[in-house]
1. Can you tell me which condition E186 does not meet? The list is (1) over 17 Å from T103 (Cβ atoms); (2) part of a strand (DSSP E or B), and all the others hold.
2. Considering only residues that are charged (D, E, K, R) and modelled with pLDDT of 80 or more, look in segment 51-83 and name the one that is farthest from A17 (Cα to Cα).
3. Does R189 qualify as being closer than 23 Å to V92 by Cβ and modelled with pLDDT under 70?
4. Taking segment 35-50 as the search range and keeping residues that are charged (D, E, K, R) and at pLDDT 80 or above, which one is farthest from the chain's Cα centre (by Cα)?
5. Of the numbered conditions (1) over 17 Å from the mean Cα position of the chain (by Cα); (2) in a helix (DSSP H, G or I), G31 satisfies every one except a single condition; which is it?
6. Checking L117 against (1) touching a helix residue (DSSP H, G or I) at 6+ places or on another chain (Cβ under 9 Å); (2) open to solvent by 30 Å² or more (accessible area, probe 1.4 Å); (3) free of Cβ contacts under 8 Å to residues at least 12 places away in the same chain: exactly one of these is not met. Which one?
7. For segment 105-159, what are the residues that are under 19 Å from Q89 (Cβ atoms) and in a loop (DSSP other than H, G, I, E, B)?
8. Working only within segment 169-182, note down all residues that are modelled with pLDDT of 80 or more and open to solvent by less than 70 Å² (accessible area, probe 1.4 Å).
Amino acid sequence: MTTETEALTIDELAARAGVTVRTVRFYGTKGLLPPPVLGPRRVGRYGREHLARLELIEELQSRGMTLAAIERYLAQLPPDLSVRDLALQRAVVASWAPGTVETVSRAELERRAGRALGEEELKRLAAMDVVERTGDAGAAPEEERFRVDAGLLRLGVELLDVPLSHESVLAARAVLTEHSRAAAQELSRLLRDAVADGDARDRRTLSARMHPLVVQALLTTFQRSLKEELREWLDEDG
């Protein structure tokens, strides 16, 4: 299981992220990836924050962003983002465009997750809409296939270690789905009214430009609201 103190060699980091060692070094020279911690015999060691940032960089690049644009994007992020915060950022970026769902083997799923996944963990990931088992449910592990939302996988794996029951995950998903749909409907109505007199091209342009901005705004607003609620809850317990 991945831990906060996990130390990866550059080869292990590259393999976990699905990139080459040369790519890792290139991002490091460009300042997009923090330098490793030097261990015994001055061997560089990378942690979970390096992996999360590397996956975010790869997601940004897959969306067609140039290195200069990626550098500007990363520069706007707080310097002390946690692994989970970086995973949230990647989930936001992945939502900018369709096509993030892939079908992979169980071995590939576990490689990307960075850990072995038991049945209970697979059920929790399915409850979060991160994975979906396809084909014969009774197939041998080496023959199993899963549809995976690549943009949400890292975040979903992080949430596996949060002490919530399967029922609580399902309830949380229902709450998020209900309220996010209501917010999306209201925002869509506002945008339609804003370009009511425009032509179809204006509407498509507005949609393409507003999508990432609105998603980012929703994430930021939700994060701040949740932190305030959790702070009040912890203060009450204290």
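The values are calculated or read from the model by the stated rules, or taken from the named source; none is laboratory data. Computed from a predicted model, the values in this text were never measured in an experiment. Cβ atoms come from the backbone with ideal geometry, glycine included; neighbour counts cover every protein chain shown. Accessible surface areas use protein heavy atoms only, side chains included; no ligands, DNA or RNA. Shrake-Rupley method; radii C 1.70, N 1.55, O 1.52, S 1.80 Å.
1. Looking at each condition in turn, E186 falls short on (2).
2. The residue in question is R72.
3. So R189 fails the test.
4. R45
5. (2)
6. Just one mismatch for L117, condition (2).
7. G114, M128, D129, V130
8. Once the filter is applied, which keeps residues that are modelled with pLDDT of 80 or more and open to solvent by less than 70 Å² (accessible area, probe 1.4 Å), segment 169-182 yields A171, A174, A182.
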